[in-house]
Amino acid sequence: MPSGHRIASGYHGVERVQSQNRGIKECQDFWNSEIKVGSFDDLILAQLENAKKQGRKSVAILDIGSGKGNLFQEFLSDVQAGSKSRAFLERNSDFNIEMLGITDAKSVDELLTEQEIVAKGDSTPDNSQIKAKNIEYTLSSNQGIEDVLKAQKIEGIDLCVSTVALTYLGPNVFENTLKDVIKNLHSGGQMVAYEYAGTTPGIIEPVVGERSLDIRDISDESLRYSSSLKATLSEKATRFGRIVSMPGELNIDDEEKQLERAEDLMVSVGAITADALEKRRKAFLYDPNRETNRVRALDNRALELVNDEKALMEHHILKLRQIKEQQLLALFAFHKGQIEGEFKKSTIRFRKI
């Protein structure tokens, strides 16, 4: 365990909106959407053959952002999903595969705890040469992949995959994570990652068609002292609530005050101007719903706030993508002669020479 401050639950509630059940087909579709890399089985077989040429008897596969471990579990459960790799193992009974998933820890007490991933179903293939586990570990500026590899006594990585998870890493952690992967890849080892800058770290995408006015989880201290995007979030990344469908359970006066706080906050982070907000508030005074259906009037006003949020996120996503693309260019240039590969808008693929 690294010294210093320990971090857990670093991705701010992503599990609420991001599927934790990505299996082999979904991952393969993502990986091949821009760059043709083949199937998961193809990627593993290539590393088994590479290890054999190098005189090694095992390969290590790392999944960054493994969620509940569905990628590995499906491979263990379905003989067809890994038919080529299993045929290799049958011919080479002294070989083994170690699969290691890294998933966000929910508390510091869970850091580096592990859970075995096992096949599901009544009739499962022979997995005696394949071991898989999930490790609870939050990647941060102080906590990297190497901590997990050392704890698991893994000397090198043969294949590293990641599906969506890298997008939730801020630029510094993103860069450090790729550096760790490059450093620990065996010669011939490969990384394939999908979606590295599709959203802003710490921001949960709004649910389409739902909105609410509640920002009580954003502290007064944040409102008073912070002018950054971080100020739009609570520790658990709760967004401005999005449900005004049960007016009987709402204190309308209180809801309007919360909405005003949210609007002031959006001004403080530069999403809208003070003048634009003043015009909106004046327009609200003349909304015909204000007297007859105040909830509807507030809901319309909140919709404008949702649009502000969306525009703010799109701006930050664009800025984040530009930063990460520059980091990738610098990494590829710095490691020229050590790695070869490419990156597109959503996909990264490289191989260590």
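The values are calculated or read from the model by the stated rules, or taken from the named source; none is laboratory data. All values reported here derive from a predicted model rather than from experimental measurement. We place every Cβ from the backbone using ideal geometry, glycine too, and count neighbours over all the protein chains shown.
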So, GLN143, is that one under 19 Å from ILE44 (Cβ atoms) and of a type outside the set (Val, Ile, Thr) or not? no
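Given the criteria surrounded by 12 or more Cβ atoms within 10 Å (Cβ to Cβ), over 22 Å from the mean Cα position of the chain (by Cα), not β-branched (Val, Ile, Thr) and not in a helix (DSSP H, G or I), does ALA297 qualify?
Values: surrounded by 12 or more Cβ atoms within 10 Å (Cβ to Cβ): yes; over 22 Å from the mean Cα position of the chain (by Cα): yes; not β-branched (Val, Ile, Thr): yes; not in a helix (DSSP H, G or I): no.
It is false that ALA297 is surrounded by 12 or more Cβ atoms within 10 Å (Cβ to Cβ), over 22 Å from the mean Cα position of the chain (by Cα), not β-branched (Val, Ile, Thr) and not in a helix (DSSP H, G or I).
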On the basis of being modelled with pLDDT of 95 or more, touching a Lys or Arg at 6+ places or on another chain (Cβ under 6 Å) and assigned by TED's automatic domain parsing to the domain that holds THR167, does GLU74 make the cut? no
Quick one: count up the residues across the range 109-147 that are under 19 Å from the mean Cα position of the chain (by Cα) and hydrophobic (A, V, I, L, M, F, W, C). 5
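Limited to the range 74-108, what total is found for residues that are touching a residue at least 60 places away in the same chain (Cβ under 8 Å) and over 21 Å from LEU178 (Cα atoms)? Before you say what the answer is, go through the steps one by one.
If we filter the range 74-108 for residues that are touching a residue at least 60 places away in the same chain (Cβ under 8 Å), which is where we start, we get 104-108.
Checking the rest, the ones that are also over 21 Å from LEU178 (Cα atoms) come to 106-108.
Summing the residues that are touching a residue at least 60 places away in the same chain (Cβ under 8 Å) and over 21 Å from LEU178 (Cα atoms) in the range 74-108 gives 3.
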State which residue pairs qualify: first residue more than 11 Å from VAL164 (Cα to Cα) and inside the range 61-73, second residue charged (D, E, K, R) and modelled with pLDDT under 95 in any location, beta carbons under 7 Å apart, and separation of 6 or more residues or different chains. ASN70/ARG22; LEU71/ARG22; GLN73/LYS120
Touching a residue at least 24 places away in the same chain (Cβ under 8 Å) and surrounded by 18 or more Cβ atoms within 10 Å (Cβ to Cβ), is that true of LEU277? no
Restricting the range 110-132 to residues that are touching a residue at least 12 places away in the same chain (Cβ under 8 Å), of a type in the set (D, E, K, R) and farther than 18 Å from SER85 by Cβ, the residue that is surrounded by the fewest Cβ atoms within 10 Å (Cβ to Cβ): GLU116
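Collect the residues in the range 332-353 that are out of contact with any strand residue (DSSP E or B) (no Cβ under 8 Å at 6 or more places or on another chain) and not in a strand (DSSP E or B), keeping them in residue-number order. Spell out the reasoning first.
In the first step, residues of the range 332-353 are kept if they are out of contact with any strand residue (DSSP E or B) (no Cβ under 8 Å at 6 or more places or on another chain); the result is 333-337, 344-345.
Of everything in the range 332-353, those that are out of contact with any strand residue (DSSP E or B) (no Cβ under 8 Å at 6 or more places or on another chain) and not in a strand (DSSP E or B) turn out to be ALA333, PHE334, HIS335, GLY337, LYS344, LYS345.
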Buried (at least 18 other Cβ atoms within 10 Å of the Cβ) and among the acidic types (Asp, Glu), is that true of GLU195? yes
